[in-house]
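> I have a structure here, written as structure tokens, and I will follow up with some questions on it.
Rule-based calculations on the coordinates, nothing more; no lab input. The structure displayed is predicted, hence computed values, not measured ones. Cβ placement follows ideal geometry from the backbone for every residue including glycine, while neighbour counts extend to all protein chains displayed.
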Amino acid sequence: MRRTILVAVSITLLIVVPALAGCGGGNQPSGETGTGSQVIPGSPVGEAEASACAANRRAISSAVQQYQAVKGQIPTSIQQLVPEFLQSVPACPSGGTYTLTGNRVICSVHGS
């Protein structure tokens, strides 16, 4: 009985493990990592990227408020915040771009 189970497990591993070895983007051309490609909204990765983007928008918004308090006007671009109010313009993890509309920060992927 033990020998039959061991043989069945061994055969299963010989079939399943090589099939799984190809998972994970092995078909991509050299130099492409797959990062940021086709993230499913609502998936853990999509949720993490949306959350990180929201944190970036809050940081930019805070810098806009500081700029307004110091300079007495709203900046017309995010670049005006660097380097005095932001070290650098943060990057959306989903590849979106941030823009200012008045004092609202909008991401081209995640919105505002």
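> Using R₀ = 22 Å, calculate the FRET efficiency as 1/(1 + (r/R₀)^6) where r is the Cβ-Cβ separation of Thr97 and Ser62; round to 0.05.
With R0 = 22 Å, the Cβ-Cβ based efficiency is 0.70.
> Using the Cα atoms of the stretch 41-112 to build a convex hull, what is its mean projected area in square nanometres?
4.3 nm²
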